[in-house]
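J.: Before I ask anything, let me first share the structure, which is written out below as structure tokens.
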Amino acid sequence: MAIYRLNIDQQLAEIGVRTTPAKLNISMPKGQMTINTERPQMQIDKKAPTFKLNRQKLNNETGLKGPLELAKTFRNKGKQTALRAAGAAKNDGNFLANHKVKGDKVPRLAKNKTMERLGPKEFNVGLMPESSPPEITWDKGYMRINWSKHSIVIDYTGEYMPDMTVDPRYSVEVFLRTEPYFRVMVEEAVSSTGRYVDHAV
């Protein structure tokens with residue numbers, strides 16, 4: 001007789017996991033930089049030296065008087081001449097009014113005045129007096145040099161922030177690699193006349 005056996009076949013499920021790591025891309029845009037340099041400027045403020053020459057004292061000492069001093073001299077001389085003339089007129093009047101003087105007084109007075117004008121003259125010869133040097137007043141003037149500051153102006157145009165992108169993104173994929181199953185089969189065994197079979201099933 002035939003011998004049968006029970007064959008049980010079982011397979012467990014197998015789960016697969018696929019992981020995709022994220023990749024970060026960073027790009028840095030290049031901006032533009034503009035540099036403006038302002039060079040220092042020089043500014044000069046100056047005043048030329050000057051001097052003043054005062055010759056008034058020198059002119060007064062050498063006789064080369066100025067208009068003002070000359071006018072004062074003529075005024076003083078005229079005043080003295082007027083005083084002398086007034087005194088002479090007074091003396092002439094007293095002479096003519098003096099009753100003690102005998103004779104013709106008018107011709108005598110005229111003769112005396114003529115003799116005074118024709119009398120001996122005195123001349124003095126001398127060296128030119130030492131004169132004082134002219135007064136010189138100096139104004140030194142000035143020169144001022146001012147410098148403006150040296151500056152550097154830097155301007156930036158464009159974006160300087162980094163650009164970050166994630167490609168691909170991080171992902172985890174879980175899938176069923178092998179489906180589970182359970183099978184029970186009855187198979188015919190070897191012939192019943194075997195040496196390994198000692199009793200019937």
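Each value in this text was obtained by applying a stated rule to the coordinates, not by laboratory testing. Keep in mind that this is a model prediction, so the values were computed, not measured. Using ideal geometry, Cβ is built from the backbone for each residue, glycine included, and neighbour counts are taken over all protein chains shown.
J.: Work out, step by step, the length gained on full extension between ALA85 and VAL186: first 0.36 nm times the residue separation, then minus their alpha carbon distance; give nm to one decimal.
T.: Gain on extension, ALA85 to VAL186, equals 17.7 nm.
J.: For THR114 and ASN54, compute 0.36 nm times the residue count separating them, minus their Cα-Cα distance, and round to one decimal in nm.
T.: 17.0 nm
J.: Considering the zone a paramagnetic label at ASP167 would reach in this model (a point 7 Å from Cα along the Cα-to-Cβ line), which residues of the range 18-52 have amide N under 13 Å from it?
T.: From the range 18-52, the list is 23-27.
J.: Assuming R0 = 41 Å, can you tell me the calculated FRET efficiency for the pair THR37 and TYR142, based on Cβ-Cβ distance, to the nearest 0.05?
T.: 0.85
J.: First select every other residue whose beta carbon is under 13 angstrom from the beta carbon of LEU176; then total the charges, Lys and Arg +1, Asp and Glu -1.
T.: Neighbourhood net charge equals -1.
J.: Working out 0.36 nm times the residue gap between THR19 and VAL174, then minus their Cα-Cα distance, what length gain in nm do you get to one decimal?
T.: 54.9 nm
J.: Just grab the label-to-label distance for GLN10 and LYS100, each label 7 Å out from Cα along the Cβ direction, in nm (one decimal).
T.: Result: 19.2 nm between the two label points.
J.: How large is ³J(HN,Hα), in whole Hz, for each residue of the range 46-53 in order, when computed from phi with the Karplus curve 6.51 cos²θ - 1.76 cosθ + 1.60 and θ = phi - 60°, using x for Gly and Pro?
T.: Here the 3J(HN,Hα) series is 9, 9, 5, x, 9, 9, 10, 10 Hz.
J.: If the cut-off is 26 Å between C-alpha atoms, which lysines fall inside it for LYS111, apart from same-chain ones fewer than 8 positions away?
T.: LYS90, LYS100, LYS102, LYS121
J.: Something else: Summing Lys, Arg as +1 and Asp, Glu as -1, what charge do residues with Cβ under 12 Å from the Cβ of ALA86 carry, ALA86 excluded?
T.: Taking every Cβ under 12 Å from that of ALA86, the sum is +2.
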